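Each remark here refers to the structure printed beneath this line.
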Amino acid sequence: MSLKETIDIALPKGRLGEQVYDMFERAGCGCPGIREDSRKLIFENPETGMRFFWVKPSDVAIYVERGAADTGVAGRDILLEYSPDVYELLDLGIGRCRMCVAGKAEQRRGAETLRVATKFPNIATRYFQGRGRAIDIIKLNGSIELAPILGLSDVIVDIVETGTTLRENDLHVLETILPISARLIANKASFKFKYEGISRLKKLIAEAAEGGKAR
């Protein structure tokens, strides 16, 4: 794939980012040197007209929304929590997990205010408001599972992939809020002015995603 103008792509660091980049490579959109162990921040392939950079997963949508990147890959959890003003172009079908309510099997279910510990206060608030439940949100940034164990909260709202951490701490999924997966997103202005290139990229990535499912 060769483009008339450069497309800047924000990729999430970590295991998801590696899966995403594998998909880009299968689509013929790879970049030499990006897998090398170096301190470089930006990787460019003049032949394809693409420039990649790795960022914290929760920052991808910010880079795209603000126009520092034309496109990027972000989890649906990030998009729903922060509601960035971007276009969601494609469900990549990777990074699949669930947003769940979890806690002890005997957690209280009375009419009193439910204490909810979470990294995702907006998602949790919308979910429980939709169920008419009064809640007290406790915003945490890590070790969410500790909250109900130590009595800080009644339940947690968090991402569950295998459920192993919950089981090992005698916690259980009580309710599933929604499924999560990685999405290809685009800056709205970029999508307008670089429509041909971004549309072509979307098509190639979609084909690579389908090819990955068939493997």
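The values are calculated or read from the model by the stated rules, or taken from the named source; none is laboratory data. None of the values given here were measured: they were computed from a predicted structure. Cβ: placed from backbone, ideal geometry, glycine included. Neighbour counts: every protein chain shown. Note: areas computed on protein heavy atoms with side chains; ligands, DNA, RNA excluded. Shrake-Rupley method; radii C 1.70, N 1.55, O 1.52, S 1.80 Å.
The table that follows gives values for the structure above.
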read-out: Selection from segment 16-67 of residues that are within 19 Å of ILE180 (Cβ to Cβ), open to solvent by less than 40 Å² (accessible area, probe 1.4 Å) and without any contact (Cβ under 8 Å) to a residue 40 or more places away in the chain; value: SER58
read-out: Residue pairs meeting the criteria (Cβ under 8 Å; at least 6 apart or on separate chains; first under 20 Å from GLY17 (Cα atoms) and touching a residue at least 60 places away in the same chain (Cβ under 8 Å), in segment 77-92; second of a type in the set (D, E, K, R) and not in a helix (DSSP H, G or I)); value: LEU79/GLU88; LEU79/ARG183; GLU88/ARG183; LEU89/ARG183; LEU90/ARG183; ASP91/ARG183; LEU92/ARG183
read-out: Residue list for segment 156-215, restricted to those being among the acidic types (Asp, Glu) and without any contact (Cβ under 8 Å) to a residue 24 or more places away in the chain; value: GLU168, GLU210
read-out: Residue in segment 84-94 that is within 14 Å of the chain's Cα centre (by Cα) and hydroxyl-bearing (Ser, Thr, Tyr) present; value: no
read-out: Qualifying residue in segment 118-127 (condition: charged (D, E, K, R) and over 13 Å from LEU174 (Cβ atoms)); value: yes
read-out: Single condition GLY197 does not satisfy, out of (1) small (Gly, Ala, Ser); (2) closer than 30 Å to ILE7 by Cα; (3) exposed (fewer than 12 other Cβ atoms within 10 Å of the Cβ); value: (3)
read-out: Enumeration of residues in segment 146-184 that are part of a loop (DSSP other than H, G, I, E, B) and either open to solvent by 50 Å² or more (accessible area, probe 1.4 Å) or on the phi > 0 side of the Ramachandran plot (or both); value: LEU150, GLY151, LEU152, GLU161, THR162, GLY163, ASN169, ASP170
